[in-house]
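In what follows, a structure is listed as structure tokens, so that the remarks can point back to it.
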Amino acid sequence: MFCKIVSLSIFLSLAHSQDEDAITKLQNAVLVLQHRVSVTEAQLEKTQTRLTQADVKLQQAEMNAAALKTQLTTLKDNSGTTFVHWGRTSCPGTPSTTLVYSGAVGGTGYDTQGGAANYVCLPPNPQWNKYGQGGTSSGMYGTEYQDLDNLFGTKNAAKFLDNDVVCAVCHVASRSSQIMIPARRECQPGWTKEYEGYLMTSYESQGGKKLFTCVDENPEVARGSFEDKNGALMYRVIAQCGSLQCPNYVQGRELTCVVCTK
């Protein structure tokens, strides 16, 4: 009987020891879990902080993008280029092209040795400041078509001779560069063709030298301007072989031109 009691006591002692070990293991496991939870919470807090900072940066980037978009719109509104549509009182029908004003072509007299070398597009409504001051001056004349040799068609030859040349100043809002290409009727790839025509300038033996100008292939004339009053003059330009390579140029042919924007 005594032996049974001793055995029971030892069993109970072992069972109690095992329970304590189990409890200790559970407590350690709980501590490990608590530590992991703390670490995870800290990581989540750092992640939340980073997300908040990223959100602030994103908002700032969106604000910067909006500001840049506004600046780009402003630049587009303030950009563009202008060109003169020689020989016409209207602008070509190309996109974003609008009329600034129309008028008549002016320049230095055909037989003068000085003065300016360029044609200008004079508006019809001049604004004066001081005038009648006397002294030496340079004259501004109207410009007439001269020997066109049926350049604009046989039926129109007499219509243009000695008539005044008109012009239009045009603005292109969506393009910022413009060129005139002589001896071509088409623009280079990527450029917009505004108009094509014929190259014209003053007569080479006359004193009033003028720049080469591209006059529209379907020109107009100023109304009631058929009188032969000279002033500045416009003649067709022909190819002269020699130092000019022929071919591809051909002796005596009128040179074309095209005005392009980009």
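Throughout, read-outs are computed from the coordinates displayed, never taken from laboratory work. Only a predicted model underlies this, so the values are computations on that prediction, with no experimental measurement involved. For neighbour counting, all protein chains shown are included, and Cβ atoms are generated from backbone atoms with ideal geometry for every residue, glycine included.
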Query raised in the report: Hey, rough spin-label estimate for residue 79 and residue 29, points 7 angstrom out along Cα→Cβ, what's it come to in nanometres?
Result: 7.0
Report summary line: Between residue 68 and residue 48, Cβ-based FRET efficiency (R0 22 Å, step 0.05) works out to 0.15
Report task. Please work out the Cα center distance from the range 175-210 to the range 97-146, rounded to the nearest Å. Result -> 21
Report task. Along Cα→Cβ, 7 Å out, is where each label goes; now give me the distance between the ones at residue 183 and residue 240 in nm to one decimal. Result -> 1.4
Report task. At 7 Å along the Cα-to-beta-carbon direction for both residue 249 and residue 211, put a label point, then send me their distance in nm to one decimal. Result -> 2.0
Query raised in the report: Any idea what the relative contact order of the range 171-262 is, in percent, if you count C-alpha pairs under 8 Å spaced at least 6 apart?
Result: 47
